[in-house]
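Encoded as structure tokens, the structure appears first; notes follow it.
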Amino acid sequence: MVHLIFCLRRLPHLSREEFQRYWREHHAPLVQRYATALGIKRYVQAHTITPALAQGIAAARQAPDPFDGVAEIWFDLDELAARLATPEAAAAGVALLADERRFIDLPNSPIFFAEDRVVVDGDER
């Protein structure tokens, strides 16, 4: 399994709350609708929150402004290329990209594939 990580920044005219509501209530159902066509095994939305602790941690590291959220989508690598070559996946990709343009600042939202390397998992030591 591999997963796609998409670090999202909202369009400038949207508040974080508007962005996250749209992402959760409109875009997530679209991803669910197209999950089979795209071969999506798991989809997780991580919505940024702003506790005071996070601001301190970011300041100590001289970190840039946080993303508004992170989407993670898991795929089976062995079937991904064949799945994406289907007309259904092409149509799904077009529909999802069109919707993303409504709320995501795409040029400022990094996207990449990754493999997990678990370092800590629960209470195992």
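The values are calculated or read from the model by the stated rules, or taken from the named source; none is laboratory data. Bear in mind the structure is a predicted one, so any value in this text is a computation, not a measurement. Here Cβ is always computed from backbone atoms with ideal geometry, including for glycine, and neighbour counts include all displayed protein chains. Ligands, DNA and RNA are stripped out before the accessible areas are found, and what is left, the full protein with its side chains, is counted by its heavy atoms. Shrake-Rupley method; radii C 1.70, N 1.55, O 1.52, S 1.80 Å.
According to the Kirkwood expression over distinct Cα-Cα pairs, how big is the hydrodynamic radius of the chain, in Å?
Answer for the chain: a Kirkwood hydrodynamic radius of 16.1 Å.
How big is the charge dipole of region 18-106 about its Cα centre, in debye rounded to the nearest 20, if each Lys and Arg gets +1 on its Cβ and each Asp and Glu gets -1 on its Cβ? Present the calculation step by step, with values, prior to reporting the outcome.
Details: 9 positive and 12 negative charges, 29 e Å.
Result for region 18-106 is approximately 140 debye, rounded to the nearest 20.
Ordering Arg21, Arg16 by accessible area with a probe of 1.4 Å, largest first, what comes out?
Ranking Arg21, Arg16 by accessible area, largest first, yields Arg21, Arg16.
Using only alpha carbon positions, build the gyration tensor of region 66-125, then give the equivalent ellipsoid semi-axes as the square roots of 5 times its eigenvalues, largest first, whole angstrom.
27, 20, 9
Sticking with the crude label model, points 7 Å out along Cα→Cβ, report the distance from Phe113 to Ala82 in nm, one decimal please.
Roughly 1.6 nm, to one decimal.
Provide the per residue accessible area, probe 1.4 Å, for the chain, rounded to a whole number of square angstrom.
Spelled out: the 1.4 Å probe surface of the chain, per residue, equals 68 Å².
Of the candidates Ile73, Ile57, Ile49, which one comes out as most mobile in a Gaussian network treatment of the chain with C-alpha springs shorter than 10 Å?
In this elastic network of the chain, the residue with the biggest mean-square fluctuation among Ile73, Ile57, Ile49 is Ile57.
Counting only helical runs of four or more DSSP H residues, what would the 222 nm mean residue ellipticity of the chain come to if each run contributes -39,500 (n - 2.57) and the total is spread over all its residues?
Mean residue ellipticity at 222 nm (helix-derived): -11500 deg cm²/dmol.
Using per-residue counts of other Cβ atoms within 10 Å, averaged over each peptide, order 107-120, 28-41 from highest down.
With the highest mean Cβ count within 10 Å placed first, the list reads 28-41, 107-120.
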